Amino acid sequence: KRMQMLEIPSRDAFLKYLRSNPEAVLELQRDLCIGVTSFFRDSEAFAALDRAIGELCNADEPFKSIRCWSVGCSTGQEPYSIALLLRRHLDDAGRSGAEVKVFATDVDSTALRTAALGRYPASVLDDIPADLQTRYLRRIDDTVEVDPRVRRSVIFSLHDITRDPPFSRIDLVVCRNLLIYLQPEFQARVLRLFRFSLRAGGYLCLGPSEGLGDSRDAFEDVDARWRLFRMRDDEAGWGANLVLPRGKTRLAREQSIGAARQERTRATPDRALQQVLAAYAPPGVVVDHGHRIVLSFGAVNDYLEMPVGEATSDVLAMVPEDVAV
């Protein structure tokens with residue numbers, strides 16, 4: 001499609017064009033990232049999801065945290081839809097204080113920036129149940145904003161499901177209409193990662209044209225038509241020996257490559273700068289290309305904790321998982 005629009009006759013010529021036009025690479029990426037999404041897309045699928053979310057929210061433990069993962073979230077309508085249902089069930093069950101986290105991931109950084117704002121055209125109201133609009137949305141002129149309490153529960157992150165480590169202790173994974181774009185070997189790998197991520201009894205929702213493949217025996221059907229499955233209780237601990245992708249994000253890998261090419265010297269601020277930082281800056285750390293702490297200032301101990309075991313200066317090992325991602 002891009003070659004036809006630009007009237008470029010061959011792939012070699014197109015590659016040459018891409019190498020000399022960085023903006024064209026971004027345009028190609030935007031075409032490849034199929035960002036078709038909406039609030040409560042496929043209402044019947046979300047009705048099935050709503051029943052599963054109700055089960056999670058009416059657990060015996062009143063303060064049990066609920067962790068969900070929306071994979072390939074695009075501009076955020078799907079994870080916000082999940083968060084709205086979670087919030088309604090918890091509030092109705094008198095569990096407003098329960099911790100909710102919806103991890104929303106995608107490879108498209110532009111889409112994620114839109115998603116993080118939590119602001120959409122007022123036309124989206126046509127897709128959102130009326131009671132949720134009243135309770136958790138705010139109309140501002142020709143836009144709609146998600147309630148801050150709901151927005152804070154959704155954590156957006158740049159993440160490549162085929163390369164980056166998965167989240168853990170997840171109650172619900174929603175990955176709809178993404179597997180169909182992957183080759184079979186990647187589909188199988190991603191499904192194994194979901195098995196690792198899910199708690200026993202956790203739910204997995206796929207797209208209507210997607211299946212479980214070799215992971216079929218690990219799940220039982222909840223709604224076969226809308227591809228909603230529940231992980232069998234005897235699957236707990238299945239992932240203990242799973243070989244996961246290396247624990248560095250794509251950005252960290254790129255930074256490590258750069259560090260290998262050139263060893264940078266560490267710059268230590270002079271005493272005056274240290275005093276300025278202590279007086280006016282929030283707590284912070286300076287890290288090198290490998291995320292190793294070079295310098296800290298302020299009350300960083302309020303945010304960092306040395307892990308048990310071998311000593312490390314890796315800041316990603318010292319922060320909560322939600323922040324590390």
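The values are calculated or read from the model by the stated rules, or taken from the named source; none is laboratory data. Computed from a predicted model, the values in this text were never measured in an experiment. No Cβ is skipped: glycine too gets one built from the backbone with ideal geometry, and neighbour counts run over all protein chains shown. Surface areas here come from the heavy atoms of the whole protein model, side chains and all, with no ligands, DNA or RNA. Shrake-Rupley method; radii C 1.70, N 1.55, O 1.52, S 1.80 Å.
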Fill in: Contact order normalised by residue count of segment 1-153, Cα under 8 Å, 6+ apart, percent
22 percent
Worksheet item: How many percent of all Cα-Cα pairs in segment 81-197 sit more than 19 Å apart?
Response: 56 percent
Worksheet entry | Dipole moment magnitude, nearest 20 debye, the chain about Cα centre, only Lys, Arg, Asp, Glu C-beta charged | 800 debye
Worksheet entry | Rounded accessible area per residue of segment 1-151, 1.4 Å, Å² | 53 Å²
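How about segment 270-325: which GluC sites (Glu not before Pro) there lie in a loop by DSSP and see at most 16 other Cβ atoms within 10 Å?
Sites meeting the loop and neighbour criteria: Glu305, Glu310.
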Fill in: Alpha-carbon radius of gyration plus Dmax, which is the widest Cα pair, for segment 1-158 in Å
19.3, 64
Discussion item. Positive end of the dipole of segment 1-92, charges at C-beta (+1 Lys, Arg; -1 Asp, Glu), about the Cα centre: which of Pro22, Phe46, His89 has its Cα farthest in that direction?
Written reply: Pro22
Worksheet item: Å³ per residue of the Cα convex hull, for segment 11-91?
Response: 122 Å³
Worksheet item: Convex hull over the alpha-carbon atoms of segment 124-170: what's its volume per residue in Å³?
Response: 141 Å³
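I need the peptides 204-217, 76-89, 135-148 ranked by packing, meaning the mean over residues of other C-beta atoms within 10 angstrom, with the highest value on top.
My ranking of the peptides, most packed first, is 76-89, 204-217, 135-148.
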Practice prompt. Work through the residues other than Lys101 whose Cβ is under 11 Å from its Cβ and net out their charges, Lys, Arg +1 and Asp, Glu -1.
Written response: -1
Worksheet item: What is the Å³ per residue value for the convex hull set by the Cα atoms of segment 91-152?
Response: 107 Å³
Worksheet, complete the sentence: Distribution output for the chain: share of Cα-Cα pairs per 10 Å bin in percent, first bin at 0, values 5, 21, 29, 25, 16, 5, 0
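Just add up the charged neighbours of Ala45: K/R +1, D/E -1, any other residue whose Cβ is under 9 Å from the Cβ of Ala45. Intermediate results must be reported in sequence, preceding the final value.
Values: positive: Arg41, Arg176, Arg225, Arg227; negative: Asp42, Glu44, Asp223.
Cβ neighbours under 9 Å give a net charge of +1.
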